[in-house]
Amino acid sequence: MCVLCHMSRKSSKSIGSLLARGLMGSKSALHETNQKQFAATQQMMPRFYGAMPAQETDHKEGPPTKVDGYVLHPTTLNENLLKAQYAVRGELYNKAQEMAAEGKDIIYTNVGNPQQLGQKPITYNRQVQALVSAPFLMEHPKVTELFPEDVIARAKEMNKLFGGALGAYTDSRGSAGIRQEVADYIERRDGHPADPEHIYLTDGASVAVRYVLNAAIRNENDAILVPIPQYPLYSASIQLYGGTLLPYYLKEEKGWGMDLDGIKKSIDEARAQGTNVRAIVFINPGNPTGQCMTADSLKDIVKFAYDEGLVLLADEVYQPNVYQTEKPFISAKKILSEMGAPYSNGVELASFHTVSKGVLGECGLRGGYVEFVNFHPKTIEEMYKAASINLSPNTTGQLAMSLMANPPKPGDASYNEYKKEMDEGLASLTRRAHVMTDSFNSLEGVSCTFTEGAMYSFPRLHLPQKAIDAAKAAGKTPDTFYCLELLKETGIVTVPGVGFGQEEGTFHMRTTILPQEDQIADFVQKFKSFHEKFMNTYR
């Protein structure tokens with residue numbers, strides 16, 4: 001509705017109200033009322049007229065209203081949308097969808113989507129979710145025969161927290177009670193307090209990442225440092241917001257470690273050209289590379305961010321997925337807090353987590369959070385405004401986050417089953433990480449660093465020259481060509497390394513380690529048979 005119509009209706013209602021209350025006994029009252037309404041209208045008019053295009057004396061023909069009958073023709077879309085790429089759901093995935101529609105069996109290892117490949121949800125979590133979603137079941141006379149007592153108690157607690165209405169909006173930051181649970185979880189994890197007012201619940205961690213990138217990027221002159229290989233969320237989002245991605249290359253020969261000297265050189269070169277380098281992203285455990293960062297590495301990047309005046313964006317969504325003991329997960333928040341001043345109070349940190357990974361694997365429920373540390377209070381208020389545009393994060397995702405942050409405790413009726421499922425799930429992922437790495441390293445022309453964490457293997461493909469030439473002739477990069485042939489032959493969907501970025505002259509592919517243990521031997525054999533055939537063809 002336009003502002004003028006809105007004000008006209010508002011005026012009518014106000015005057016009618018005055019008449020009903022017998023307060024329109026004089027012309028002066030009517031005049032005073034109209035004057036107030038006119039003044040209110042005048043205050044809003046600049047907004048209305050400000051939205052109107054200025055009239056031009058010389059008519060200039062603008063872009064066509066329609067192309068081939070469409071206003072939103074591909075050629076008239078936002079340029080940043082057209083430039084954005086998201087390889088995880090790109091060419092390979094689209095081809096797989098076509099094959100699936102033709103009735104072919106497809107194995108989706110292109111994305112970390114555990115339950116799609118057979119991972120079972122945690123019993124306790126789903127029981128609580130079931131009761132909160134259908135609260136009338138809590139009053140059923142046989143509810144105690146179907147659900148453990150701690151499940152019923154937790155469901156009642158959560159139902160009360162949501163005001164008895166899981167289908168209603170919450171605060172735009174998420175439920176205050178669940179944000180407190182997340183703050184308590186962070187404090188237990190790190191040994192340092194967290195402020196629930198600085199924690200925002202989101203529809204998966206990706207939304208939280210986009211909040212921060214949107215706030216940081218003012219124009220194309222603002223750059224975000226992103227690790228290469230990277231998760232394409234960053235490159236796509238930076239493009240959509242009109243910023244610049246400044247790559248820094250992880251060193252494969254050093255287990256995908258950081259090269260701070262190289263990063264410093266990139267920053268200096270960018271700033272010398274007038275680019276504003278605003279923030280640095282790091283992913284721990286790594287996606288797609290699977291490395292875990294040490295305490296010393298985390299201290300180095302905190303110091304680096306302080307010295308260079310950068311915001312730290314800590315993508316820590318794979319923190320439950322660690323498959324070795326030499327490099328356990330340590331949060332950036334913990335390191336920052338223990339380094340003392342000037343770092344503990346002088347480095348802006350946004351850290352991200354989700355319910356989508358780990359043994360939970362609740363990707364479709366879309367639960368995540370961001371914690372803002374050392375951010376200006378007014379900046380956090382602006383983030384609140386951005387969150388408010390979406391009204392509310394989805395409540396089923398918030399509920400899933402509550403169950404992740406505050407699981408059953410020893411002595412609870414469901415604790416033993418919960419712990420058993422979580423422990424067995426992690427042990428299985430650990431075994432699969434070893435199987436996948438060992439299998440890749442047994443193949444001719446393939447080398448793969450061990451998957452220390454996360455959900456992926458990222459093997460390097462040393463392809464024959466004939467294969468590289470065939471890829472060029474087909475108009476594909478060599479790794480895309482390889483992955484397409486793999487898909488056509490086996491139904492296995494992967495993502496070529498070019499979709500994540502890689503050192504020039506190197507070729508990789510990413511696959512998840514998520515095929516279930518009773519299926520992984522068949523998966524490995526399919527891959528091996530294809531690879532041997534491919535190498536023999538192009539030898």
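The values are calculated or read from the model by the stated rules, or taken from the named source; none is laboratory data. The structure presented is a predicted model; accordingly, all values stated were derived computationally and were not measured. As a convention, Cβ positions derive from the backbone with ideal geometry for all residues, glycine included, and neighbour counts pool all protein chains shown. All accessible areas refer to the heavy atoms of the entire protein, side chains included, with ligands and DNA or RNA removed. Shrake-Rupley method; radii C 1.70, N 1.55, O 1.52, S 1.80 Å.
What are the residues whose amide H is under 5 Å from the amide H of VAL495, where those residues sit 5 or more places off or on another chain and H is modelled from the backbone?
Close amide H contacts, sequence-distant or interchain: ARG510.
Give me the accessible area of LEU250, 1.4 Å probe, in Å² rounded to the nearest 10.
10 Å²
Sequence gap at least 6, Cα distance under 8 Å: using those rules, report the relative contact order of the chain to the nearest whole percent.
On the way: 855 pairs, mean separation 97.3, N = 539.
Taking the mean separation of contacting Cα pairs over the length of the chain, I get 18 percent.
Regarding segment 80-198, what are the three Cα extents along the principal axes, ordered largest first, in Å?
49, 41, 30
If you place +1 on the Cβ of every Lys and Arg, -1 on the Cβ of every Asp and Glu, and leave all else neutral, what size is the dipole of segment 65-153 about its Cα centre, to the nearest 20 Debye?
Here segment 65-153 has a charge dipole of around 200 debye.
Which aspartates and glutamates, if any, have their Cα less than 16 Å from the Cα of LYS120, not counting same-chain residues under 8 positions apart?
Cross-link targets: GLU362, GLU417, GLU421, ASP423, GLU424, GLU517, ASP518.
Relative to the longest principal axis of the C-alpha atoms of the chain, give the angle of the C-alpha long axis of helix 205-216, reported between 0 and 90° and rounded to the nearest 10°.
Around 60 degrees separate the two axes.
For segment 63-123, rounded, prolate or oblate, judged on the Cα gyration tensor with a ≥ b ≥ c (square roots of eigenvalues), a/c < 1.5 rounded, else prolate if a/b > b/c?
Here segment 63-123 falls in the prolate category.
Ignoring any ligand, DNA or RNA, what whole percent of the accessible area of the chain comes from carbon and sulfur when the probe is 1.4 angstrom?
Summing carbon and sulfur atoms, their accessible area is 52 percent of the total for the chain.
Add -39500 (n - 2.57) for each DSSP H run of 4 or more in the chain, then divide by its residues: what number comes out at 222 nm, to the nearest 500 deg cm²/dmol? All intermediate terms of the calculation are to be shown ahead of the outcome.
Numbers: 20 runs with 255 residues, N = 539.
Theoretical 222 nm ellipticity from helices: -15000 deg cm²/dmol.
If the cut-off is a Cα-Cα distance under 18 Å, which aspartates and glutamates reach LYS488, setting aside same-chain residues fewer than 8 apart in sequence?
GLU91, GLU98, GLU102, ASP105, ASP479, ASP522, GLU532
Quick check on packing: order 352-364, 134-146, 255-267 by the mean number of other C-beta atoms within 10 Å, highest mean leading.
Result, highest mean first: 352-364, 255-267, 134-146.
If LYS334, LYS160, LYS533 are ordered by their accessible area, calculated over protein heavy atoms with a 1.4 Å probe, which sequence runs from highest to lowest?
The ordering from most to least exposed comes out as LYS160, LYS533, LYS334.
Give me the accessible area per residue for segment 305-408, probe 1.4 Å, as a whole number in Å².
That works out to 35 Å² per residue.
Which whole-Hz ³J(HN,Hα) couplings does segment 297-309 yield from phi under the Karplus relation 6.51 cos²θ - 1.76 cosθ + 1.60, θ = phi - 60°, glycine and proline marked x?
For segment 297-309, the Karplus curve yields 5, 5, 4, 4, 6, 5, 4, 4, 4, 5, 5, 9, x Hz.
With θ set to phi - 60°, apply the Karplus curve 6.51 cos²θ - 1.76 cosθ + 1.60 along segment 94-104 and write out the HN-Hα couplings as whole Hz, x wherever there is a Gly or Pro.
4, 5, 4, 5, 4, 5, 5, 5, 8, x, 7
Report the antiparallel proportion of the DSSP beta bridges in the chain as a percent, rounded to a multiple of 5.
50 percent
Provide the descending list of Cα extents for segment 300-357 along its principal axes, expressed in whole angstroms.
33, 24, 16
Output the 0 to 90 degree angle, nearest 10, between the alpha-carbon long axis of helix 260-272 and the longest principal axis computed from the alpha carbons of the chain.
Result, in degrees: 40.
Sorted by packing (mean other beta-carbon atoms within 10 Å per residue), highest first, where do 318-325, 184-191 land?
Ranked from most to least packed, the peptides come out as 318-325, 184-191.
Could you order the peptides 205-212, 437-444 from most to least packed, using the average number of other C-beta atoms within 10 Å per residue?
205-212, 437-444
In whole Hz, what ³J(HN,Hα) sequence does segment 278-294 give by Karplus (6.51, -1.76, 1.60; θ = phi - 60°), x for Gly and Pro?
9, 7, 10, 9, 9, 10, 9, x, x, 10, x, 8, x, 8, 10, 8, 7
Around LEU246, which amide H atoms from residues at least 5 apart in sequence, or from another chain, sit under 5 Å from its own amide H, with H modelled in the peptide plane?
Sorted by chain and number, the residues that satisfy this are ILE224, LEU225, VAL226.
Quick one: compute the contact order of segment 432-537, relative version, from alpha carbon pairs under 8 angstrom and 6+ residues apart, as a percent.
28 percent
So which trypsin sites (Lys or Arg not before Pro) in segment 218-257 are both in a DSSP loop and have at most 14 other Cβ atoms within 10 Å of their Cβ?
Here the sparse-neighbourhood loop sites are ARG218.
Given just the C-alpha atoms of the chain, how large is their convex hull per residue in cubic angstrom?
Output value, Cα hull per residue: 244 Å³.
Can you classify segment 377-506 as rounded, prolate or oblate using the Cα gyration tensor, where a ≥ b ≥ c are the square roots of its eigenvalues, rounded means a/c under 1.5, and otherwise it's prolate if a/b beats b/c and oblate if not? Don't jump to the answer; show the numbers that get you there.
Values: a/c = 3.06, a/b = 1.56, b/c = 1.97.
The shape class here is oblate.
What is the Rg over Rh value, at two decimals, for segment 145-265, using alpha-carbon atoms and the Kirkwood definition of Rh?
1.12
Output the relative contact order of segment 289-333, whole-number percent, from Cα pairs under 8 angstrom with separation of 6+ residues.
After rounding, I find 53 percent.
In straight Cα distance, which lysines are under 22 Å from LYS83, not counting same-chain residues fewer than 8 positions off?
LYS66, LYS95, LYS476
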